[in-house]
Structures are given as C-alpha cells and as structure tokens.
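Okay, structure first, notes after.
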Amino acid sequence: MRPVFIALLLLSGSSQLIAQDKKEQLRQRIFQKVETMTAKTNAWREDFHENPELGNREFRTSQIIANHLRSLGLEVQEGVAHTGVVGLLKGGKPGPCIALRADMDALPITERVHVPFASRVKTTYNGQEVGVMHACGHDTHVAMLMATAEVLSSFKAEIQGSVKFIFQPAEEGAPDGEEGGAALMVKEGVMENPKVDMVLGFHIESDIEVGQIHYKPGAFMAAADWFSIEVKGKGSHGSQPWKGIDPIQVSAQIIDGLQAIVSRQSELTKAPVVITVGKINGGVRQNIIPESCSMAGTIRTLDSDMQKEVHEKIKHTAKHIAEASGATAEVTIETKTLVTYNNPELLKKIIPSLEKATAPENVKPREWVTGAEDFSYYGTKAPAVFLYLGGMPKGNDPAKAPPHHTADFLVAHNGMPTGITPSAAWCST
Ligand SMILES: [Zn+2]
Ligand SMILES: [Zn+2]
C-alpha cells in the first residue's frame, strides 16, 4: 500500500510541516518510516481487538495508549472525559494546531468471527451477560492513530505547529446516566490549550474496499436524536372501548402520523429525513384497554433547520392526534449527535493530494449517511473533516460484507496503512 500521506506532504501546495526545499528528501524518510510500522500497527490492532472495553470503561486501552505517547516524548493528558487520552506533539517550528481523533470503545456483542485475535471478553451490560467486541472497527482507529503519532514524532523538528492526538472514549454512547464521548471531551476543553485550528477523523468501513477513501463535502453524517412519546388514555374493558380512551389505537395513529412528517411534510430534495419508532410498550392482557402506551425512536436529519422543524412537527403531530381521541401525548426529544459537517474549503484542499497520493479512482465522493458520529461535536469548535476508509478485503462483494455492530463484523489489517495516511495528510495541509 502506498502511504497516501507521504505523497501529500509533498504534493500539498500549502504544507505546514515541511520546508519546501526539503520535501522530496523528507518524503523518502517518512515513506520508509511508515513501512516499518506495519507489523507494530497490526499487533496493536490484534491486541485491542482481543481485549475490547465498553464506553467509559476503556481503562486498559487508554493505559497502553498513554504509555506509547509518553515513550514518544509527547505531552500526555489522561482521564479526559473519563478514560480519554490526549497527546500533544509540539513541532520544531511555529504553526497551527491540528487535531487527529480516534475513538476507543467496543460494543456489547458476542463475537462470532473465527480469527486468532477474536474477543472472548464477557461482561454484564444492563443486567445481561454479554460478550464485548470491537464490532465497529475502533480497534483499528486506535492502532492507526498510535502509528501516526509515532511516524510524526520522528519528524518532530520539521513539523510546523503542533499535532494533538485525541483518543476518545464512548463514541457509541455513554452508559445510562453518564456523560461521555466527544461532547464531554469538548466540554472538558480538548479543543483548547493549545486551541485546535482544524480536526480530522475517519471511520473504517466493512463494505468499502481496502485502499479507498470516501468523502462528502458539507453535511455528511446525520444528526441523531432520540425521542419518546408517552400516550395517556383511559382504561376500560376490552369489550367496551367506548367507555375508555384506547392509548394503543392512538399510538398506532401517531406512528402513522410520524411517517407522514417524512413523506408529506419534509423537503426531501434538500436533505433526507428518517424517523424510526424502534420500541413500543403498552398493555398487559388481551381484554384490557390499558391506561397508557409508550414508544421510543430515533430521528436522523442532515440539515439543522430541518432537524428543528422535524422536532416541532413530531410534537405537533403527536399532541393533536392524541387530542382528537381525547388522549394526551407527551413528547421528549434528546439530541445525541449533531450533523457531521465536512468543511468544504478544507476538504477541497485535501482531495487533490489524496488523489495523487493513492490513485484518483480510490478517492471517491459519496452520498449522505443516515448513520451518526459524535465526531460532529469537534466540528463546532474548528473546521473539521471526517472521511470513510476501506476495510473490506479486495475483490469481496460489498453487499455481502458483515455489517457494523454485528457478531460477524470484521475489517482487514491491510486497510490500516491508508488510515495512517489521511491523518498525517491533514497535518500537511
Ligand atoms: Zn459504531
Ligand atoms: Zn464506529
């Protein structure tokens, strides 16, 4: 794999890392350094994969990261947003502060993949005995960022400005009742001291071929909101519904009404909207009309004005449908992540370099993603870019790739060199 970032260091017209006249020479040195990192990066990835930890509980992972960053001579901060680690590499020359971010958490899933480094870790999650698995590829994110830190550290004297390595806990969401993830990292000041001027993150994907990088300018990944609706009616005998107010039937109308917000009331040519009711709970017996029924779901939007409109419409729809039957509906909406927005100017700067460094056909624009990323919170403090990275073995069928967040999820080791590259590339733009 041709390390993308090395070429970028040279191709970028606005390189902040390197003096112009030394570019070629430096490229060769960095190239060699990256090549020596493969075995180490793979070993880190295997170790993290075999020893996954859930969000806000990444104790072992963060210890290994902190020790590594310290061994490189970086300034290291531990315990940020619970288990987060931040390393600061101060370059030998003045310049901006560029942040690179990797998430560290695994998921409560029992691994079914037959690899020598499969996880056998078990834990209790929400009262259930479950396995723990890196089923979203965050093990590779950590390994790649550790490698990037090592590569960039060895060229410290030539770096203009500084590089902040952000190892973030709980991207998948903090445990109930706890704060966590990018929002808490930002709240605890990760984007300050020194102030971050730009930030890059990426996600390895099981259905994108190894070696590829996918991007989208502007809104890329959705804002995710969680909502719940409590419908209150009036209980009665199942044989005499006219004596009560049936909250289950009202809930059915509300669910239908929510889909009309998407299909009839949202300007879908502007940006997509998804409303999903994933949970409904009401009643205990066939012949009892219960007093209440509750439901919960998620909203995905890619435009913050549309996000606000959808919130209002959900409240309006639920309230008035309930009222029409004499019931009440109480709506609660909680924003989990913001729209992940790629700064178009910064992205524009980086794309030609990425294309030259890999191959033009390997760097592809893509459509919206209705999945969400808490990386979006860093984008509220500095221009940000988030890229997708290939993790699917070459020649495989993307349609048959094991989905993220499943027991069969797996990404290939050899996707990682391309992951080291865009991170380091950012440092050169
Ligand atoms: Zn995930
Ligand atoms: Zn993920």
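Test of understanding: among K243, K216, which residue is of a type in the set (D, E, K, R) and over 21 Å from D103 (Cα atoms)?
Values: K216 fails: over 21 Å from D103 (Cα atoms).
Only one candidate qualifies: K243.
Under 21 Å from E205 (Cβ atoms) and polar (S, T, N, Q): is that true of T148 in this structure?
It is true that T148 is under 21 Å from E205 (Cβ atoms) and polar (S, T, N, Q).
Give me a count of the residues in segment 135-158 that are part of a helix (DSSP H, G or I), of a type outside the set (V, I, T) and closer than 22 Å to A182 by Cα.
Step one: filter segment 135-158 for residues part of a helix (DSSP H, G or I), giving 138-153, 156-158.
Checking the rest, the ones that are also of a type outside the set (V, I, T) come to 138-139, 141, 143-147, 149-150, 152-153, 156-158.
Next cut, closer than 22 Å to A182 by Cα only: 138-139, 141, 143-147, 149.
Within segment 135-158, residues that are part of a helix (DSSP H, G or I), of a type outside the set (V, I, T) and closer than 22 Å to A182 by Cα number 9.
Scan segment 126-135 and give yes if some residue there is within 16 Å of ligand 1 (Cβ to nearest atom), closer than 27 Å to L89 by Cβ and either under 22 Å from the mean Cα position of the chain (by Cα) or open to solvent by 10 Å² or more (accessible area, probe 1.4 Å) (or both), otherwise no.
Yes, segment 126-135 contains a residue that is within 16 Å of ligand 1 (Cβ to nearest atom), closer than 27 Å to L89 by Cβ and either under 22 Å from the mean Cα position of the chain (by Cα) or open to solvent by 10 Å² or more (accessible area, probe 1.4 Å) (or both).
How many residues does segment 141-168 hold that are more than 18 Å from R70 (Cβ to Cβ), within 14 Å of ligand 2 (Cβ to nearest atom) and touching a helix residue (DSSP H, G or I) at 6+ places or on another chain (Cβ under 7 Å)? Show your work before the answer.
Just the residues of segment 141-168 that are more than 18 Å from R70 (Cβ to Cβ), to begin with: 141, 144, 155, 157-161, 168.
Add one more test, that the residue is within 14 Å of ligand 2 (Cβ to nearest atom), and what stays is 141, 144, 168.
Add one more test, that the residue is touching a helix residue (DSSP H, G or I) at 6+ places or on another chain (Cβ under 7 Å), and what stays is 144, 168.
The number of residues fulfilling the criteria is 2.
Return the residues of segment 171-182 that are out of contact with any strand residue (DSSP E or B) (no Cβ under 8 Å at 6 or more places or on another chain) and either within 16 Å of ligand 1 (Cβ to nearest atom) or hydrophobic (A, V, I, L, M, F, W, C) (or both); say none if nothing qualifies.
Across segment 171-182, the qualifying residues are A174, G180.
Is it true that M185 is more than 26 Å from H413 (Cα to Cα) and within 16 Å of ligand 2 (Cβ to nearest atom)? Break it down into steps so the answer makes sense when it comes.
Working: more than 26 Å from H413 (Cα to Cα): yes; within 16 Å of ligand 2 (Cβ to nearest atom): yes.
For M185, the condition - more than 26 Å from H413 (Cα to Cα) and within 16 Å of ligand 2 (Cβ to nearest atom) - is met.
Kindly indicate which of P247, P217 is surrounded by fewer than 17 Cβ atoms within 10 Å (Cβ to Cβ) and either modelled with pLDDT of 95 or more or over 25 Å from K90 (Cα atoms) (or both).
Only one candidate passes the filter, namely P217.
Which of (1) surrounded by fewer than 24 Cβ atoms within 10 Å (Cβ to Cβ); (2) more than 14 Å from ligand 2 (Cβ to nearest atom) is the odd one out, the single condition E172 does not satisfy?
(2)
Return the residue satisfying two criteria in turn: it lies in segment 399-421 and is open to solvent by 40 Å² or more (accessible area, probe 1.4 Å) and hydrophobic (A, V, I, L, M, F, W, C), and of such residues it is farthest from ligand 1 (Cβ to nearest atom).
A399
Among the numbered conditions (1) touching a Leu at 6+ places or on another chain (Cβ under 9 Å); (2) at pLDDT below 95, tell me where N414 comes up short.
So N414 meets the others, but not (1).
What about I159, is it more than 16 Å from ligand 1 (Cβ to nearest atom), closer than 30 Å to L88 by Cβ and buried (at least 20 other Cβ atoms within 10 Å of the Cβ)? Before you say what the answer is, go through the steps one by one.
Values: more than 16 Å from ligand 1 (Cβ to nearest atom): yes; closer than 30 Å to L88 by Cβ: yes; buried (at least 20 other Cβ atoms within 10 Å of the Cβ): yes.
Spelling it out, I159 is indeed more than 16 Å from ligand 1 (Cβ to nearest atom), closer than 30 Å to L88 by Cβ and buried (at least 20 other Cβ atoms within 10 Å of the Cβ).
For segment 276-295, indicate whether the set of residues that are among the acidic types (D, E), in contact (Cβ under 8 Å) with a residue 40 or more places away in the chain and in contact with a Pro (Cβ under 9 Å, 6 or more places away or on another chain) is non-empty. Walk me through it before giving the result.
So the first thing to find is which residues in segment 276-295 are among the acidic types (D, E), and the list is 291.
Of the ones still in play, those that are also in contact (Cβ under 8 Å) with a residue 40 or more places away in the chain are 291.
Those still in the list that are in contact with a Pro (Cβ under 9 Å, 6 or more places away or on another chain) too: 291.
Checked against the condition, which is being among the acidic types (D, E), in contact (Cβ under 8 Å) with a residue 40 or more places away in the chain and in contact with a Pro (Cβ under 9 Å, 6 or more places away or on another chain), segment 276-295 yields at least one hit.
Got at least one residue in segment 181-199 being in a strand (DSSP E or B), open to solvent by less than 10 Å² (accessible area, probe 1.4 Å) and under 26 Å from P272 (Cβ atoms)?
From segment 181-199, those in a strand (DSSP E or B) are 198-199; that's our starting set.
Applying the additional criterion that residues be open to solvent by less than 10 Å² (accessible area, probe 1.4 Å) yields 199.
Narrowing further to those that are under 26 Å from P272 (Cβ atoms): 199.
Scanning segment 181-199, I find at least one residue that is in a strand (DSSP E or B), open to solvent by less than 10 Å² (accessible area, probe 1.4 Å) and under 26 Å from P272 (Cβ atoms), so the answer is yes.
Quick one: in segment 254-277, of everything that is surrounded by fewer than 17 Cβ atoms within 10 Å (Cβ to Cβ) and among the polar types (S, T, N, Q), which residue is nearest to G371 (Cα to Cα)?
Checking each candidate, the answer is T276.
Output the residues belonging to segment 203-240 that are over 15 Å from G419 (Cα atoms) and touching a Leu at 6+ places or on another chain (Cβ under 7 Å).
P217, A219, A222, A223, listed by residue number.
The values are calculated or read from the model by the stated rules, or taken from the named source; none is laboratory data. Everything quoted here is computed from the prediction, not taken from an experiment. Virtual Cβ from ideal backbone geometry, glycine too; neighbours counted across all protein chains shown. With ligands, DNA and RNA removed, areas are computed over all heavy atoms of the protein, side chains included. Shrake-Rupley method; radii C 1.70, N 1.55, O 1.52, S 1.80 Å.
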